[in-house]
Amino acid sequence: MAKEVLRYTKMTGDFSSVILFLANGVAVSTLSIFVDESGDFGESSLGYYVVSMVFHEQKQLLQKDLDVQQENLTYTDMGDHTVHSGAAIRGEAEYRNISLNVRKAVVDRLFSFVRSAPIYHETLFFKRKDVKDRLALEAAISRGLGGFLQELSTYFRCFDNVIIYYDNGQAELTRILNVVMNAYFLNVEFRNVAPSEYRLFQAADLYCTLELLRGKDEDNALTKSDLYFFESARKLRQQYLKKISKKRLPST
């Protein structure tokens, strides 16, 4: 049984140090996977369903990148807070009466963090017209996730432990994650998290939001609020979508 010898130190709502385990005197490697989604499992032929995953090898330190982002956030009128990227882009919820410049600053600070931090991402994207009912969507997500894990199996086999962080927002996705992840990993742990507790969960939310916008752009379906925030579809592609493509988990 692995023994935890160094716990994460909580800083600015994140676990930012290294977590090491010893098994028979040998260090054990751990991979964290933060999951967020956009869309729902209702019966629909409209819209999209998106699952984004952020991968962090726990041996990779995040403290420097976290400190920079926290400092950058303090320069906005919102201060250091839980970033909800979709709401910030659309000017909803806590961003309803916040100026465009401040909303852009908040999103850009988080965007800068995900680009510089030693993390990667992968997104599963589905058009609801292709998976119109609940069962078809569950099957498509399961196949997509399983296929991705199989494709990069050489990489994933490098880790002794895998920890899945999800807020259990949707029972269907929670069930899919439990079934598929346990089928592919020998030692997998699930943790129910709140977005305010982990900056990497907020990073997953940002990736999810941007990949949704990629799909809408490809379908020429960007809304007025999307275009108002990014100024144009071209700027969205060049300044955001092109850059996050370089942060995909590299195939082996």
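The values are calculated or read from the model by the stated rules, or taken from the named source; none is laboratory data. This is a predicted model, so every value here is computed, not measured. As a convention, Cβ positions derive from the backbone with ideal geometry for all residues, glycine included, and neighbour counts pool all protein chains shown. Accessible surface areas use protein heavy atoms only, side chains included; no ligands, DNA or RNA. Shrake-Rupley method; radii C 1.70, N 1.55, O 1.52, S 1.80 Å.
Sorted by mean Cβ packing within 10 Å, highest first, what order do the peptides 82-92, 161-171 take? Walk me through the numbers before you get to the answer.
Numbers: 82-92: 19.5, 161-171: 17.8.
My ranking of the peptides, most packed first, is 82-92, 161-171.
For the range 127-252, what % of the accessible area comes from carbon and sulfur atoms, probe 1.4 Å?
Solvent-exposed carbon and sulfur of the range 127-252 make up 48 percent of the total.
For the range 73-211, state what percent of all Cα-Cα pairs lands in each successive 10 Å bin, counting from 0 Å until the bin that includes the largest distance.
Whole-percent P(r) values from 0 Å outward: 10, 34, 34, 19, 4.
Just flag the GluC sites (Glu not before Pro) in the range 126-202 sitting in loop per DSSP whose Cβ has no more than 15 other Cβ atoms within 10 Å.
Nothing satisfies the criteria.
Rounded to whole Hz and in sequence order, give me ³J(HN,Hα) for the range 137-142 from the Karplus expression 6.51 cos²θ - 1.76 cosθ + 1.60, θ = phi - 60°, writing x for Gly and Pro.
Rounded to whole hertz, the list is 5, 4, 5, 5, 5, 4.
Sort 47-54, 242-249 by the packing proxy (mean of other Cβ within 10 Å over each peptide's residues), most packed first. Working shown, then result.
On the way: 47-54: 23.0, 242-249: 13.9.
Ranking the peptides 47-54, 242-249 by packing returns 47-54, 242-249.
Go ahead and run the numbers for FRET between K129 and Q239, Cβ-Cβ distance against an R0 of 25 Å, rounding to 0.05. Display every interim value, and only then the final one.
Working: r = 29 Å, r/R0 = 1.17.
The formula returns an efficiency of 0.30 here.
Under the 0.36 nm per residue contour assumption, what length would be gained going from the current alpha-carbon distance of R248 and A171 to full extension?
The span from R248 to A171 would gain 25.1 nm if fully extended.
Too long at a 29 Å Cα-Cα cut-off: which of K132/K224; K104/K129; K216/K246; K132/K243?
K104/K129; K132/K243
Evaluate the Kirkwood expression for the hydrodynamic radius of the range 76-156, namely the inverse of the mean inverse distance over all pairs of different C-alpha atoms, and round to one decimal in Å.
15.8
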